[in-house]
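Colleague: Below is a structure I'd like to ask you about.
The values are calculated or read from the model by the stated rules, or taken from the named source; none is laboratory data. Being a predicted model, the structure only gives us computed values, none of them experimental. Here the Cβ positions follow ideal geometry from the backbone for every residue, glycine too, while neighbour counts run over all protein chains shown.
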Amino acid sequence: MILMIRCEIVCLIILLYLMIYSLMYIDGIVKTHFMKICCFANVHIIFDIITIYTVNHLETVPPLVNKWCHIFFYYAAILFCYEMLSYATDNVMMPKLKKVVKYITRAIVILYIVCAPFLEITYVKGRGTYYSFGMCVYAGYATAMVFALLSVIILVVNIKHLQTKIIMSVLPMSCILIIFMVIQIIVPELLFTGAAATIVIMGMFIIYENPVEEYKAKAYMDLDTGVKNRNCFDVDFLKYKNRFQMLGYTSGSIGIVLCDLNNLKATNDTYGHAVGDRFLQIIAQILKKELRNSKEIYRVGGDEFVAIYMNINDDVIREDIAGVYKSCKQENDNYEFLLSIAIGYSVTSETDDLDTAYTKADADMYRNKQIIKNRQKENLKQ
């Protein structure tokens, strides 16, 4: 008994730490769900500790106190599984269907809360400890199990539309929760549902909610345009460069597309930096839309963007670049400033490594930039 209580206290400390950490670093709807799950898990563990003591001191603890401690233990378990289900539905379901599921599950929760005090709880001597038994217990586990199973079913049905993080965290953690509940039902004297809740929350936190990974992602993102930044480009470029050096051309061709905005300084000077920022955002949107075959797009300078292509031929890159020019021309009718961009590209070959391809793309881009400038000067003369 003492060992069980100590284990539950350790679980409680871990969850409290994750809650405090989440309060400080996690934002938005994710924070709301995660905090609720942690809260219900903590309440569950607290009453788990209490009931481990009360069920093993039946001769000194009043029956009513013992019963209500067990009821709150099951309330917290059900609300924990309910919040896990809400977490799953909020990630994948359409608003109308989500409302239907929430109304039904809330009705089930309320039904159990109302009926639990009137359901029977008895206590049975197991191997080394007493444990609870009866309709209240069965109904509690059944309700929690239904919510956990619904979470898994909803996520599996919508698996094609899920983020990788959800597939890697919420789905397996829901499965683990079900496994633990089945074991608890089969071997009731184990009394480890608190440990199960802790494992589930830790798994979700490490894989999905971990703010360190979130900040790492933000560190590689250009917040003004929504594409990857220079830091990310340097890391990825070195990775591709090393791979090309190790495997050579057999690793596949790598295409480099360099883009340099024209008139950004003039736009800032004439219309202000707010319009200049809008200019950058529009160009970034066009690049993401038209350079659709690229692996990634980066903003590497104030007015410079780079796209990397993997295992691609020149024709595909040229087609994407033509799409950029076409979109810029179409968008010019909608804005007071002129959307103009110079683009150059090159592809690695048996003789050209990644550095050489980058240098050639840069030269191609500046050649096109000069052509555009000369054309603009001729238009002004006319």
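Colleague: Looking only at region 242-266, which residues are more than 21 Å from ASN368 (Cβ to Cβ) and surrounded by fewer than 16 Cβ atoms within 10 Å (Cβ to Cβ)?
Modeller: ASN242, ARG243, GLN245, MET246, LEU247, GLY248, TYR249, THR250, SER251, GLY252, listed by residue number.
Colleague: Report, by residue number, each residue of region 53-79 that is farther than 17 Å from CYS136 by Cα and of a type outside the set (S, T, N, Q).
Modeller: TYR53, HIS57, LEU58, GLU59, VAL61, PRO62
Colleague: Next question, about the same structure. With the requirement that a residue be within 22 Å of ASN42 (Cβ to Cβ), among the hydroxyl-bearing types (Ser, Thr, Tyr) and either out of contact with any helix residue (DSSP H, G or I) (no Cβ under 7 Å at 6 or more places or on another chain) or in a helix (DSSP H, G or I) (or both), what does region 140-196 give you?
Modeller: If the condition is that a residue be within 22 Å of ASN42 (Cβ to Cβ), among the hydroxyl-bearing types (Ser, Thr, Tyr) and either out of contact with any helix residue (DSSP H, G or I) (no Cβ under 7 Å at 6 or more places or on another chain) or in a helix (DSSP H, G or I) (or both), then TYR141, THR143, SER151, SER174, THR193 are the ones that fit.
Colleague: Just give me the residues in region 107-132 being part of a loop (DSSP other than H, G, I, E, B), closer than 20 Å to ILE78 by Cβ and of a type in the set (Val, Ile, Thr), in sequence order.
Modeller: Listed by number, the list holds a single entry, ILE121.
Colleague: Let me ask another. Among the candidates ILE178, ILE166, ILE159, ILE185, which residue alone is modelled with pLDDT under 85 and over 22 Å from the mean Cα position of the chain (by Cα)?
Modeller: On the way: ILE178 fails: modelled with pLDDT under 85; ILE166 fails: over 22 Å from the mean Cα position of the chain (by Cα); ILE159 fails: over 22 Å from the mean Cα position of the chain (by Cα).
After ruling out the rest, the residue left standing is ILE185.
Colleague: Tell me, which helices (runs of 4 or more DSSP H) wholly within region 267-381 include 3 or more residues that are acidic (Asp, Glu) and surrounded by fewer than 20 Cβ atoms within 10 Å (Cβ to Cβ)?
Modeller: Once the helices (runs of 4 or more DSSP H) in region 267-381 are filtered for at least 3 residues that are acidic (Asp, Glu) and surrounded by fewer than 20 Cβ atoms within 10 Å (Cβ to Cβ), what remains is 314-331, 354-381.
Colleague: Picking from TYR87, TYR103, which residue would you name as being farther than 16 Å from ALA142 by Cα, surrounded by fewer than 17 Cβ atoms within 10 Å (Cβ to Cβ) and among the aromatic types (Phe, Trp, Tyr)?
Modeller: After applying the criteria, what remains is TYR103.
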